[in-house]
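Q: Structure incoming, see below.
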Amino acid sequence: MTRKTYFSGSKFEDMAGYCRAISDGRWVIVSGTSGHNAKTGEISDDVQEQTRESLRTIEAALKEAESGLEDVVRVRVFVAERDYVMPVSAVLKEHFDKIRPTNTTIVSVLADASMKVELEVTALRPE
């Protein structure tokens, strides 16, 4: 399989010159994904809803790359405040409890003041 790029239509992809995901062989790497709705640009004020929206965008990118959340081997979580770690972790557990990918969570200032969480994943498609 050759390298292929995937786009969600987010304004950030065009603004910063990147793609939502790249697949190369069995690997699928998904860029940092905020809770913005890729089509409308809207973002919830609720950190758990931002996490769910981020996962919806990630799941769509993985599906387009012939993969899915079940193939995720690594999750990187960026939260704007330490108080967001537990609410975000609860949503991640809903999706990854049986999959158990690796996880790194970092408290960091995010690019947009409305963002409370940003997720990045790496998936390994089955042979």
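Q: Counting Lys +1, Arg +1, Asp -1, Glu -1, what net charge surrounds residue 114 among other residues with beta carbon under 10 Å of its beta carbon?
A: That sum, taken over residues with Cβ under 10 Å, equals -2.
Q: If you don't mind, another one. Given C-alpha coordinates of the chain, what is the ratio Rg to Rh with the Kirkwood estimate of Rh?
A: Looking at the chain, the ratio lands at 0.95.
Q: Cα centroid distance between the range 63-110 and the range 1-62, in Å?
A: Each part's Cα centre sits 13 Å from the other's.
Q: Can you list the HN-Hα couplings for the range 65-77, worked out from phi with the Karplus curve (6.51, -1.76, 1.60; θ = phi - 60°), rounded to whole Hz and with x for Gly and Pro?
A: With the stated coefficients, the range 65-77 comes to 8, 6, 9, x, 4, 5, 9, 5, 10, 8, 10, 10, 10 Hz.
Q: Same structure, new question: Using helices alone, what [θ] at 222 nm do you get for the chain, with -39,500 (n - 2.57) per DSSP H run of 4 or more residues, divided over all residues and rounded to the nearest 500?
A: So the calculated ellipticity at 222 nm is -9000 deg cm²/dmol.
Q: Quantify, in whole percent, the carbon and sulfur part of the accessible surface of the chain (1.4 Å probe; protein heavy atoms only).
A: Exposed carbon and sulfur together represent 51 percent of the surface.
Q: Taking the DSSP beta bridges in the chain as the whole, what percent of them are antiparallel, to the nearest 5?
A: The antiparallel fraction comes to roughly 75 percent.
Q: For residue 116, give me every one of the aspartates and glutamates with a C-alpha distance below 20 angstrom, ignoring sequence neighbours fewer than eight places off in its own chain.
A: Cross-link targets: 13, 42, 45, 46, 49, 53, 59, 81, 83, 94.
Q: How about residue 63: which aspartates and glutamates have a C-alpha closer than 12 Å to its C-alpha, ignoring those fewer than 8 places off in the same chain?
A: Within the straight-line limit of under 12 Å, residue 63 reaches these aspartates and glutamates: 71.
Q: What value in Å³ per residue do you get for the convex hull of the alpha-carbon atoms in the range 80-127?
A: 93
The values are calculated or read from the model by the stated rules, or taken from the named source; none is laboratory data. Since this is a predicted model, take the numbers as computed values, not measurements. Ideal geometry is used to build each Cβ from the backbone, glycine not excepted, and the neighbour counts take in all protein chains shown. Just so you know, the surface numbers come from the protein's heavy atoms only, side chains and all, with ligands and any DNA or RNA stripped out. Shrake-Rupley method; radii C 1.70, N 1.55, O 1.52, S 1.80 Å.
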